[in-house]
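See below for the structure under consideration.
What follows is calculated from the coordinates using simple rules that are stated; it is not laboratory data. The model shown is predicted, which means the values in this text are computed figures rather than measured ones. When we count neighbours, we look across all protein chains shown, and the Cβ atoms used for this are built from the backbone with ideal geometry, even at glycine.
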Amino acid sequence: EPIGAMLLTLPIVLPIVQAGDLSLIWFGVVLTKLLEIGMITPPIGMNVFVINSLARDINLVKIFRGVLPFVAADVVRLIILILFPALALWLPMTMPYIAREGSPSFLTKASSILLSTKNGANVRIVLR
């Protein structure tokens, strides 16, 4: 269960990520990718066991072997996200009416967001 894994690990890991001055958006994307990989690989592989319960005539080892190309693609995608964090942060930076102070620093830390409304009012949100 991905939600259970997040509830167990985030209280411990999130302060470390914040102390490391990393973007919380980037960390959320990477965490989601890691949870997806964890749901299809042993020893947990819950999604594989669901497939096995639906297709009883197919051996569990054969299902795990069939999942391997998808695991490899997920690992490559995870490596790309770690090497190039701007890829995970590109879409949030293109959202309308959101201007972030010091765009290069946003790639490493999402601590302050300046929201500009259509009527010209500015609202600053500080994430801590």
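By how many nm would the segment from Leu35 to Leu60 lengthen if fully extended, with 0.36 nm per residue of separation less the alpha-carbon distance?
6.9 nm
Loop-resident trypsin sites (Lys or Arg not before Pro) (DSSP state other than H, G, I, E or B) in the stretch 1-100 with no more than 14 further Cβ atoms inside 10 Å of their Cβ: Arg56.
Note on Asp21 and Leu91: the extension gain reaches 23.2 nm, defined as 0.36 nm multiplied by sequence separation minus the Cα-Cα distance.
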